Amino acid sequence: MSPRKVDPEARSLLLDVAARLLSEEGPQALSARRIAAEAGSSTMPVYTNFGGMAGLAREIVYEGFARLENHFSLIRASDDPVADMALLGRAYRHNAMQNPHLYVVMFGAASLAGFSLSEEDRQHGRYTLTRVATCAGRCIAAGRFRADDAGLVAHQMWSATHGLVILELGGYLIPPYDAEVCFEAQLVSLMVGAGDDPEAAARSVEASGRRLEDELIRPWTLKQDGLAARSA
């Protein structure tokens, strides 16, 4: 008996449906029956394409990191690497705000269909740090950050930004120290902590804010509109 062939279109549709349900209703909405119904199919494609809900859950985690990488890929290298680093932080936060349920699943704060992340799954998303480490290396080479391990700097940026985002998603940051106030102050502090001059860091963070709409928000929105039009 020959194995069933994977249908790339069905696979993509099931991932899109699962991601939408996750985004709109949270992890409790995900089941093979519900996903199949939303996709207009039987439950069999879930097993044919992913081997079951555990496989689908793993692919959802991978999709979350792919969306983060897509956000990072929108940031262009400029002649101000510290502004680029701050803009990567803004991209990280924007991705989390746009995909809150995916975000918590990516980092193991919520489970899907009883699936727990393996050590390999947890390490999968580390490739997204490559752009951050590269940017950190540029900041060091420019003399803006002190000589250090660029990978370590990237991890410090990641862990600090992740902590703020988790608090923001949980609704813990309220006026007068709401998420916006804390985030802008944190960006400057992170750059200074890495070795930058306080005034130069503040200017670069401010410059990154001016780039946010044109370089990140607008391209991301256009891409989302294009995806929605193709799926309609």
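The values are calculated or read from the model by the stated rules, or taken from the named source; none is laboratory data. All values derive from a computational prediction rather than experimental measurement. Note that each Cβ is placed from the backbone with ideal geometry, even for glycine, and that neighbours are counted across all protein chains shown. In case anyone asks, the SASA skips ligands and DNA or RNA and just uses the protein heavy atoms, side chains included. Shrake-Rupley method; radii C 1.70, N 1.55, O 1.52, S 1.80 Å.
Counting other Cβ atoms within 10 Å, which trypsin sites (Lys or Arg not before Pro) in the range 54-141 have at most 11 and lie in a DSSP loop? It would help to have the intermediate numbers written out before the result.
Working: sites: Arg58, Arg67, Arg76, Arg90, Arg93, Arg122, Arg126, Arg131, Arg138; in loops: Arg76.
For trypsin sites (Lys or Arg not before Pro) across the range 54-141 that sit outside H, G, I, E and B with at most 11 neighbouring Cβ atoms in 10 Å, the list reads Arg76.
In debye, nearest 20: dipole of the chain around its Cα centre with unit charges on the Cβ of K, R (+) and D, E (-)?
680 debye
So, for the chain, what is the accessible surface per residue at a probe of 1.4 Å, expressed in square angstrom?
51 Å²
Show log10 I(q)/I(0) for the chain at q = 0.07, 0.09, 0.14 Å⁻¹, two decimals, from a solvent-free Debye sum over equal Cα scatterers.
-0.27, -0.43, -0.93
Let me spell out the model: positive unit charges on the Cβ of Lys and Arg, negative unit charges on the Cβ of Asp and Glu, origin at the Cα centre of the range 101-192. What dipole size does that give, in debye rounded to 20? Don't skip to the end; give the middle numbers.
On the way: 6 positive and 9 negative charges, 69 e Å.
Roughly 340 debye, rounded to the nearest 20.
Could you compute the longest span of the chain free of chymotrypsin sites (Phe, Trp or Tyr not before Pro) located in DSSP loops and having at most 14 other Cβ atoms within 10 Å, not counting the site residues?
1-171
Work out the length of the dipole vector of the range 152-213 about its Cα centre, built from +1 on the beta-carbon of each Lys and Arg and -1 on the beta-carbon of each Asp and Glu, and round it to the nearest 20 debye.
140 debye
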